[in-house]
Amino acid sequence: MAQLPFDPSTLSPADRARYDRMVERRKAQGAGFGGPYAALMNHPQLCEKIEDLGYYLKFQGHLPREVYQFVVLFVARRTGADFEWADHVQHAEAAGVPASLISALERDEDLSAVASSPYDLVTAVLASTLSWRNIPQSVQDEAIKAFGVEGFVELVALSGFYQMFSAINQGFDVALPPGVEKPFK
């Protein structure tokens, strides 16, 4: 695989301003702007639109923090996206995702024995979205009851967003941060 390099010094003034805005906005939330976003900055307008959606889902969305982080880890594990796992595992722990659930995910085990509410419900939604099937009506109804209709829509969109990020990470061979070991063997 070939990494797609990015050098901010090569940006036009307008794209440099766009880049600086995105970096500062994420920095204000304690988040970095590297990994897949660096690869995407080779197309600054597209990067900005993707970052807008990612920013909304991550910092302004309706889902509880632990649900958001669980979705990211679940999708990362199922798609083999090492970077996303490495980038989010500590955030998931800090948000309160149970260690037993994170360990089971990392080992790619059946989650039914360790996934209590709300993770069992989220797992049921993701089982459909990651296999590109319709979500059963009973699961949809339960998810809307748990998260509201906006939260449910965000849950499905978040699954797709991180599936897209998995493709970006794999397609551009986004490197793990220095000193971080590959999580999936």
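Largest first, how would 145, 182, 49, 58 line up by accessible area (1.4 Å probe)?
145, 49, 182, 58
Just to be sure I follow: if Rg is taken over the C-alpha atoms of the stretch 51-101 and Rh is the Kirkwood radius over the same atoms, what is Rg/Rh?
Dividing the radius of gyration by the Kirkwood radius yields 0.96.
Can you tell me the mean projection area, over all orientations, of the convex hull of the stretch 1-131's alpha carbons? Units nm², please.
On the way: hull surface 35.9 nm².
Its average projected convex-hull area is 9.0 nm².
What does the extension gain come out to for residue 157 and residue 56, with contour length at 0.36 nm per residue minus their alpha carbon separation?
Length gained, residue 157 through residue 56: 35.2 nm.
Assuming 0.36 nm per residue, please report the length gained on full extension of the stretch residue 94 to residue 134 beyond their Cα-Cα distance.
11.2 nm
So how much accessible area does residue 100 have, in Å² to the nearest 10, using a 1.4 Å probe?
Residue 100 exposes around 70 Å² with every protein chain in place.
Read phi for every residue in the stretch 48-60 and hand back ³J(HN,Hα) as whole Hz from Karplus 6.51 cos²θ - 1.76 cosθ + 1.60, θ = phi - 60°, with x for Gly and Pro.
Result, rounded to whole Hz: 4, 5, 5, 5, 4, 5, x, 4, 4, 4, 7, 10, 10.
Work through the residues other than residue 106 whose Cβ is under 13 Å from its Cβ and net out their charges, Lys, Arg +1 and Asp, Glu -1.
Taking every Cβ under 13 Å from that of residue 106, the sum is -1.
Under a cut-off of 17 Å between alpha-carbon atoms, report the lysines in cross-link reach of residue 27, not counting same-chain residues fewer than 8 places apart.
Counting by Cα, and skipping residues close in sequence, residue 27 has these lysines nearby: 58.
Output wanted: per-residue J couplings in Hz (rounded whole) for the stretch 130-135, from phi through Karplus 6.51 cos²θ - 1.76 cosθ + 1.60, θ = phi - 60°, x for Gly and Pro.
For the stretch 130-135, the Karplus curve yields 7, 10, 6, 10, 5, 7 Hz.
For every other residue with a beta carbon closer than 14 angstrom to the beta carbon of residue 152, add +1 if it is Lys or Arg and -1 if Asp or Glu, then tell me the sum. Display every interim value, and only then the final one.
Working: positive: 145; negative: 141, 142, 150, 154.
Net local charge, residue 152 excluded: -3.
So how tilted is helix 13-27 from the main axis of the chain? Cα-based, degrees 0 to 90, rounded to 10.
Long axis of 13-27 versus the principal axis of the chain: about 40 degrees.
Keeping all protein chains in position, work out how much accessible area residue 116 exposes to a 1.4 Å probe, and write it in Å² to the nearest 10.
My reading of the accessible area for residue 116 is about 70 Å².
The values are calculated or read from the model by the stated rules, or taken from the named source; none is laboratory data. Since this is a predicted model, take the numbers as computed values, not measurements. Please note: Cβ atoms are built from the backbone with ideal geometry, for glycine as well, and neighbour counts cover all protein chains shown. Please note that ligands, DNA and RNA were not included when accessible areas were found on the heavy atoms of the full protein model with its side chains. Shrake-Rupley method; radii C 1.70, N 1.55, O 1.52, S 1.80 Å.
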